[in-house]
Amino acid sequence: MLPSFTVWMFNLLKCNSHRFYFRSLHVTLTEDDRKKIGRNSKAILNYGRQVYLENQGYKCKQFEYVTEQTSPENICILAKRVTQDSTS
């Protein structure tokens with residue numbers, strides 16, 4: 001689903017007809033809406049980071065290390081290099 005969403009968003013952003021729409025959309029968003037969009041955007045980026053690390057041979061886990069009230073930047077990706085057994 002992520003690749004199709006990314007392609008859809010890229011195509012939407014490169015269309016000239018949507019530029020005014022996105023500029024006016026920013027004005028109409030509430031602070032809560034902006035926070036939700038920001039949190040979801042960070043989740044997409046962290047997912048991409050995790051996939052990249054897993055493709056490089058790491059086992060990964062994402063977790064919240066402090067509460068969101070302490071810091072909205074509260075997601076950590078813990079990655080451990082997976083070693084292959086040479087006798088297999």
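Taken as a whole, the structure leaves LEU29 outside the set of residues that are in contact with a Lys or Arg (Cβ under 9 Å, 6 or more places away or on another chain), among the aliphatic types (A, V, I, L, M) and either surrounded by 11 or more Cβ atoms within 10 Å (Cβ to Cβ) or on the phi < 0 side of the Ramachandran plot (or both). If I filter the stretch 19-53 down to residues being over 15 Å from CYS76 (Cα atoms) and of a type in the set (D, E, K, R), which single residue comes out as modelled with the lowest pLDDT? Of everything passing the filter in the stretch 19-53, ARG19 is modelled with the lowest pLDDT.
Listed by first and then second residue, the pairs with beta-carbon distance under 8 Å, at least 6 apart or on different chains, first residue in the stretch 53-72 and touching a residue at least 24 places away in the same chain (Cβ under 8 Å), second loosely packed, with under 12 Cβ neighbours inside 10 Å, are GLY57/ARG81; GLY57/VAL82; TYR58/LYS80; TYR58/ARG81; TYR58/VAL82; PRO72/GLY38. Quick check: is even one residue across the stretch 79-88 at pLDDT 95 or above and surrounded by 12 or more Cβ atoms within 10 Å (Cβ to Cβ)? The answer is yes; a qualifying residue exists.
The values are calculated or read from the model by the stated rules, or taken from the named source; none is laboratory data. Worth saying up front: this structure is predicted, and the values here are computed from it rather than measured. Every residue, glycine as well, gets a Cβ built from its backbone with ideal geometry; the counts of neighbours run over all protein chains shown.
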